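*Asks:* Before we start, here is the structure in question, set down as structure tokens.
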Amino acid sequence: MAIVKIDNVSFTYPNEAIPILKNINLTIQQGEFIVLIGQSGCGKSTLLRHFKRELRPHGTVTGNIFYKDYDLEKLNAEVAATDIGYVFQNPDNQIVTDKVWHELAFGLESLGVDSPIIRRKVAEMANFFGIEKWFHQKTTELSGGQKQLLNLASIMVMQPKLLLLDEPTSQLDPIAALEFIQTLHRLNKELGITIILIEHRLEEVLPLADRVLIMDEGSILFDGPPKEILNSLPADHAMITALPAATKIFHLLNGIGPIPLTIREGQRWLSNQPYNCSSLHTPHTTTQNKSDVVLEAKDIAFRYEKKGRDIVHHFNLQVKGQEFLTIIGGNGTGKSTVLSILSGLQKPYHGKIFLFSKALKSYSSKQLYQQYLTILPQNPKSLFVQKTVLLELNDMAQLHKVTEAKIQETVQLFNLTHLLNRHPYDLSGGEQQKLALAKLLLIEPKILLLDEPTKGLDAHSKEGLAEILKDLQTKGTTIIMVTHDIEFSAQYSDRCALFFDGSIVSEDEPRAFYSGNNFYTTAAHRISRDILSNAITCEDVVTLCKKTFV
Amino acid sequence: MKAFETFHPIVLFSFFVATIGLSMIFMHPVYLTITIFSAISLNIALRRQLFFKDWKLYVPLFFLMAIINPMISHNGQLVLLYVNGNAITVEAILYGIAIATMIVAIMLWFSCYNVMMTSDKFIYLFGKVSPALSLTLSISLRLVPRFKHQLTQIVQAQKVIGMDFTTGSLWHRIKCTVRILSILITWALDNAIDTADSMKARGYGVKKRTAFSIFIFERRDGFVLAMIILLFFSNLVASFIGTTTYYFYPTFGAVKWDMTSILFYISYVILLSIPLVFEIWGALKWRSLKSTM
């Protein structure tokens with residue numbers, strides 16, 4: 001049975017010439033798990049919001065949307081609120097109340113449901129989601145993953161038939177994201193909820209999907225099961241880079257037959273290929289000429305409260321000039337704290353930091369932040385004060401007496417020309433990040449510290465970020481980045497360090513580092529481990545395989 | 001194990017209203033003694049370590065208030081000495097001590113109130129009066145810690161780009177502070193759009209809201225509530241017939257020890273020791289349960 005039918009819908013935002021949705025036709029069957037993907041700005045969020053009447057954007061619409069044969073426009077308000085649930089990107093913003101139990105009850109309270117019924121439904125959902133342990137907690141005390149699960153649960157309490165999710169895991173760490181996606185899978189399998197999900201993490205999501213929709217410039221480019229995704233996508237389409245590693249390798253090696261989606265399928269497919277590369281080793285990429293150590297941490301120990309436990313202890317690190325170092329590690333272990341210690345924002349109670357062989361303490365904060373280092377905050381919004389992108393850059397230029405020519409150069413480097421008159425808040429996540437970075441880099445710091453810069457970015461924006469970082473590196477900047485993003489770290493950094501239990505437990509150049517790890521490694525390595533000893537990216541696998549074939 | 005805390009919010013709230021209300025009007029030495037002792041014992045039972053820390057505040061406060069009164073009030077017949085031609089009297093000193101006792105006792109009651117009446121209980125009670133008000137309270141309580149968190153992020157980010165509000169000239173500091181607040185407000189408003197969407201998406205405004213709570217009114221709640229109300233009124237009667245009245249000026253009145261007065265004193269003791277009794281009873285019961293397990 002069709003649950004939603006979209007009939008020739010087009011949509012244009014006010015004051016825009018080109019429609020963002022162009023003649024969309026779509027029928028969604030009850031119980032389907034649909035993944036909606038596309039590059040940022042392709043209109044996928046706009047389309048998703050059209051399924052939920054209360055959230056429809058302002059603008060001109062043509063065409064009709066039907067929910068179970070009723071015109072969505074004329075649907076009873078109560079049915080519209082309960083039957084269709086919507087989960088947003090930011091876990092924090094959608095929580096309304098201060099207690100977990102109150103948040104769960106919020107929707108039913110709004111609909112005027114009596115307490116005994118609310119009690120039962122809340123209990124049921126708290127059980128399904130395993131929320132009992134933190135049922136009485138304050139919502140501000142929850143982790144990001146718990147917050148997003150709470151958001152999902154507080155919608156499920158209303159017993160929706162259709163769930164819409166707009167990048168729900170983009171702000172979560174990989175483990176919490178996986179848990180969230182598995183919960184969605186359970187909802188779909190055990191309760192038969194129809195799900196439409198916008199997601200960047202295709203590695204985990206695609207194997208679960210019944211159907212994939214790829215959007216491109218306002219229309220639907222592909223509509224079908226994930227296994228057929230390659231058949232109808234142009235070989236050089238931008239979405240190819242976002243596909244799971246197994247699929248990407250299959251595609252790049254021109255594989256034939258059923259498409260592998262998961263690691264296991266990828267391993268199976270690769271082992272059945274005529275490639276026998278076990279004897280082949282890529283030479284170790286020669287480490288860069290050893291320039292001087294620019295930043296050094298010796299025996300650092302840090303805690304937030306006098307009686308608290310050490311967040312960082314026995315922490316030692318040496319960073320060389322012009323190096324790109326990534327620090328990876330679990331969630332909430334203190335990686336961000338390390339960055340704020342290295343940048344001088346937090347003071348360790350033990351140990352010393354040396355910047356260009358001089359104690360960090362001996363620099364005045366003006367000297368330090370104007371000539372030596374800068375740190376990109378996790379949320380770029382903490383930097384934005386002005387109405388437009390251009391004013392934002394000028395503001396920074398004024399503060400530090402930067403020349404007009406330098407602004408122009410930065411605008412070129414970051415490719416911001418077409419955005420100069422936009423409001424910073426109207427930019428996409430990737431663009432906001434770029435602007436924040438551009439702003440900080442106007443003063444040409446020697447060391448750049450980044451706190452999870454790939455969080456919430458799609459594959460394309462990540463590539464853009466990597467290009468900029470590489471460019472800065474060749475110009476002499478040293479980059480230290482804290483991240484969850486193993487793939488990014490493997491592909492672009494010069495050295496990786498694993499942060500665990502307060503200190504760096506291992507560090508090496510990425511190839512040695514990731515081929516030595518069993519679990520903490522890239523998808524490409526997990527796929528190819530049996531036949532290739534040290535391939536860590538999809539490109540590695542492809543180069544190695546092609547070599548043996550010739 | 002906090003036994004009294006598990007009672008229904010309405011019981012807790014009525015207890016504190018009755019107790020704090022009566023503590024505020026009774027200046028009779030017997031009543032004051034009862035008040036301060038029950039307030040201290042409940043505080044020790046509930047807050048332990050914290051209570052002993054607070055003494056650093058209460059003791060000086062107590063003496064300060066006890067000293068101020070004889071300095072400004074020169075009534076009374078039992079003159080101790082003259083300072084600058086003004087009489088310092090025993091009545092004024094004791095009246096000062098009485099006021100100080102009362103104020104410290106009320107502060108102690110409020111610290112117990114803070115332990116027992118958590119925000120969700122308070123919100124629940126007001127939800128009964130006005131669901132809109134209780135939702136507003138709940139939203140505000142969620143926003144305060146969020147703003148604090150965002151503020152630290154902004155302050156750090158601005159420090160790195162040279163807008164450190166803790167250094168520089170006064171003008172620079174003001175400029176930085178305004179800038180930080182402006183970012184905080186813009187950011188908060190942007191977040192609020194999402195929150196509003198999330199409320200709308202969950203049917204906010206579709207119907208008249210009900211107020212759900214996790215609190216259940218049990219029989220024991222009814223029993224204790226009735227007891228509190230009864231004792232409260234008996235104390236009001238005591239106050240009405242003059243048992244609780246006591247004069248410090250022109251000189252001390254007499255404390256009555258007749259049967260009626262003693263009965264009224266006892267009713268005050270019972271009212272004030274309700275939570276303490278449940279605390280002790282709960283602890284004992286828990287111990288005996290543990291030993292039979």
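*Asks:* In straight Cα distance, which lysines are under 20 Å from A:Lys227, not counting same-chain residues fewer than 8 positions off?
*Replies:* Within the straight-line cut-off, A:Lys227 pairs with A:Lys189, A:Lys248.
*Asks:* Can you figure out the FRET efficiency of A:His58 with A:Glu141, using R₀ = 41 Å and their beta-carbon distance, to the nearest 0.05?
*Replies:* 0.70
*Asks:* On to the next question. On C-alpha positions alone, give me the angle between the axis of helix A:100-110 and the longest principal axis of chain A, in degrees, nearest 10.
*Replies:* 30 degrees
*Asks:* Suppose a student asked you for the relative contact order of chain B, using Cα pairs under 8 Å spaced at least 6 residues apart; what percent would you report?
*Replies:* Relative contact order, chain B: 31 percent.
*Asks:* Between the range A:1-47 and the range A:227-243, how far is it from one alpha carbon centroid to the other, in angstrom?
*Replies:* 20 Å
*Asks:* In 20 Å bins starting at zero, report the fraction of Cα pairs in the protein assembly as shown per bin as a rounded %.
*Replies:* Pair shares across the bins are 12, 36, 32, 15, 4, 0.
*Asks:* Charges at C-beta only: +1 for Lys and Arg, -1 for Asp and Glu. How large is the resulting dipole of the protein assembly as shown about its Cα centre, in Debye rounded to 20?
*Replies:* About 2000 debye.
*Asks:* For the range A:2-242, what is the percent of antiparallel DSSP beta bridges, rounded to the nearest 5?
*Replies:* Bridges in the range A:2-242 are about 55 percent antiparallel.
*Asks:* May I pose another question? Can you give the average number of partner chain beta-carbon atoms within 10 Å of each beta-carbon in peptide A:73-84, as a whole number?
*Replies:* Counting other chains' Cβ atoms within 10 Å and averaging over A:73-84 gives 2.
*Asks:* Search the structure for amide H atoms under 5 Å from the amide H of A:Asp508, placed 1.01 Å from N in the peptide plane, and list their residues when 5 or more places away or on another chain.
*Replies:* For A:Asp508, the qualifying residues are A:Cys496.
*Asks:* Now for a different question. What average count of beta carbons from other chains do you get within 10 Å of the Cβ of residues in A:374-381?
*Replies:* 4
*Asks:* List the relative contact order of the range A:2-242 as a percent without decimals, with contacts defined as Cα pairs under 8 Å and 6+ residues apart.
*Replies:* About 27 percent, as a whole number.
*Asks:* Give the order of A:Glu141, A:Glu204 when sorted by the count of other beta carbons within 10 angstrom, beginning with the fewest. If you can, show how the numbers build up before the last one.
*Replies:* Details: A:Glu141 11, A:Glu204 18.
The most exposed by this proxy come first: A:Glu141, A:Glu204.
*Asks:* Which angle from 0 to 90°, rounded to the nearest 10, does the C-alpha axis of helix A:459-474 make with the longest principal axis of chain A?
*Replies:* Between the helix axis and the principal axis of chain A, the angle is about 10 degrees.
*Asks:* Using the 10 angstrom Cβ neighbour count as an exposure proxy, how do A:Arg526, A:Arg120, A:Arg186 rank, fewest first? It would help to have the intermediate numbers written out before the result.
*Replies:* Numbers: A:Arg526 20, A:Arg120 10, A:Arg186 13.
Ascending Cβ contact count within 10 Å gives the list A:Arg120, A:Arg186, A:Arg526.
*Asks:* Would you count, across chain B, every pair of lysines whose alpha carbons are under 15 angstrom apart, provided the pair is eight or more residues apart or spans two chains?
*Replies:* Numbers: B:Lys2/B:Lys285; B:Lys128/B:Lys208; B:Lys159/B:Lys175; B:Lys200/B:Lys208.
So the count works out to 4.
*Asks:* Rounded to two decimals, what is Rg over Rh for the range A:293-508 when you use alpha-carbon atoms and the Kirkwood radius?
*Replies:* Result: Rg/Rh = 0.96.
*Asks:* While we're on this one: Skipping prolines and chain starts, which residues have an amide H placed within reach, meaning under 5 Å, of the one on A:Val294, given they are 5 or more residues away or on another chain?
*Replies:* Long-range HN contacts for A:Val294: A:Val319, A:Lys320, A:Gly321.
*Asks:* Okay, next question. Short version: what are the Cα gyration tensor semi-axes of the range B:1-55, square root of 5 times each eigenvalue, largest first, in whole Å?
*Replies:* One finds semi-axes of 20, 18, 8 Å for the range B:1-55.
*Asks:* How high is the relative contact order of the range A:413-496? Use alpha-carbon pairs under 8 Å, at least six apart in sequence, and give a whole percent. Walk me through the numbers before you get to the answer.
*Replies:* On the way: 57 pairs, mean separation 26.4, N = 84.
So the answer I get is 31 percent.
*Asks:* Hey, rough spin-label estimate for B:Ser130 and B:Val83, points 7 angstrom out along Cα→Cβ, what's it come to in nanometres?
*Replies:* Once both label points are built, they end up 4.8 nm from each other.
*Asks:* Right, here's the next one. How much mean residue ellipticity at 222 nm does the protein assembly as shown get from its helices, if each DSSP H run of length 4 or more adds -39500 (n - 2.57) and you divide by all residues, to the nearest 500 deg cm²/dmol?
*Replies:* So the helix-based figure for the protein assembly as shown works out to -15500 deg cm²/dmol.
*Asks:* Oh, and also: Which far-off residues, 5 or more places away or on another chain, put their amide H under 5 Å from the one on A:Met215, with H placed in the peptide plane?
*Replies:* Placed amide hydrogens put A:Ile37, A:Gly38, A:Leu221 under 5 Å from A:Met215.
*Asks:* Let me ask you something else. Name the lysines eligible as straight-distance cross-link partners of A:Lys320: C-alpha to C-alpha under 19 Å, and not fewer than 8 places from it in the same chain.
*Replies:* Qualifying lysines at Cα under 19 Å: A:Lys290, A:Lys298, A:Lys352, A:Lys358, A:Lys446, A:Lys470, A:Lys475.
*Asks:* Starting from one equal scatterer on each C-alpha and no solvent at all, send me the Debye-based log10 I(q)/I(0) for the range A:405-550 at q = 0.11 Å⁻¹, two decimals.
*Replies:* Rounded to two decimals, the profile gives -0.51.
*Asks:* Quick one: Kirkwood hydrodynamic radius for the range B:132-199, alpha-carbon pairs, angstrom, one decimal?
*Replies:* Details: mean 1/r = 0.0746 Å⁻¹.
Its Kirkwood hydrodynamic radius stands at 13.4 Å.
*Asks:* Size of the dipole of the range B:132-199 about the Cα centre, Lys and Arg at +1 and Asp and Glu at -1 on the beta carbon, nothing else charged, in debye to 20? Spell out each step's value before the answer.
*Replies:* Values: 7 positive and 4 negative charges, 65 e Å.
Taking the Cα centre of the range B:132-199 as origin, the dipole is about 320 debye.
*Asks:* Using all C-alpha to C-alpha distances in the range A:399-462, build P(r) with 10 Å bins and read off the rounded percent in each one.
*Replies:* Result, from short to long distances: 19, 51, 28, 2 percent.
*Asks:* Work from the charge dipole of the protein assembly as shown (Cβ charges, +1 for Lys and Arg, -1 for Asp and Glu, about the Cα centre) and give the residue of A:Asn254, A:Thr483, B:Ser14 farthest towards its positive end.
*Replies:* The Cα lying farthest towards the positive end belongs to B:Ser14.
Values in this text are rule-based calculations from the coordinates and carry no lab data. What you see is a predicted model; the values in this text were computed from it and never measured. Every residue, glycine among them, receives a Cβ derived from its backbone with ideal geometry; neighbour counts consider all protein chains shown.
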